Amino acid sequence: GGILWHLCKQELANKIPNGPSPDVLHFADASPNSSHTYLYDMLSEHKIEILCRIYYIDTDRCAQTTTLVWWPNPQLWDSSGLDTGCWTLSCEQMFQCRLEKIHAGSAFLLTTEKWRSDLKYYKNQSK
């Protein structure tokens, strides 16, 4: 699983269903590269923003905003090398370190550029 799966697991604990929800009939993605058809629940962009705790902050420059986040979005995660198809020890260490800092009040909201920079360390991990 990726960052969204782990954020859901962290927030919802035992409330995660075993298998697709009834919503899969309306909001689903089918696996195209298989002899069988599998349906997956899909999250809206808005729900992804909620899970990653994404905030759009007005700047002092002509209706511009800056994006600040507690957790990397799936695109940043996928390009970091941490997305190996399963939750690895490196994933868990990064996640727990960030979570501890958030709980201790020592973490800061990060820009997507800062997340991209911080996750570069993981870029060359084998998939």
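In table form, for the structure just shown:
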| read-out | value |
| --- | --- |
| List MET94, MET42, ordered by accessible area with a 1.4 Å probe, largest first | MET42, MET94 |
| Pairwise label distance in nanometres, HIS46 with SER117, each label 7 Å out on the Cα-Cβ vector | 3.3 nm |
| Packing-based ranking, highest mean first, of 49-62, 69-82 given that Cβ atoms within 10 Å are counted | 69-82, 49-62 |
| Point-to-point label distance, GLN96-GLU11, nm (Cα→Cβ direction, 7 Å offset) | 2.3 nm |
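The values are calculated or read from the model by the stated rules, or taken from the named source; none is laboratory data. Note that the structure is a prediction, hence the values are computed from the model and not measured. Here Cβ is always computed from backbone atoms with ideal geometry, including for glycine, and neighbour counts include all displayed protein chains. To get the accessible areas, we keep the full protein, side chains included, count just its heavy atoms, and leave off ligands, DNA and RNA. Shrake-Rupley method; radii C 1.70, N 1.55, O 1.52, S 1.80 Å.
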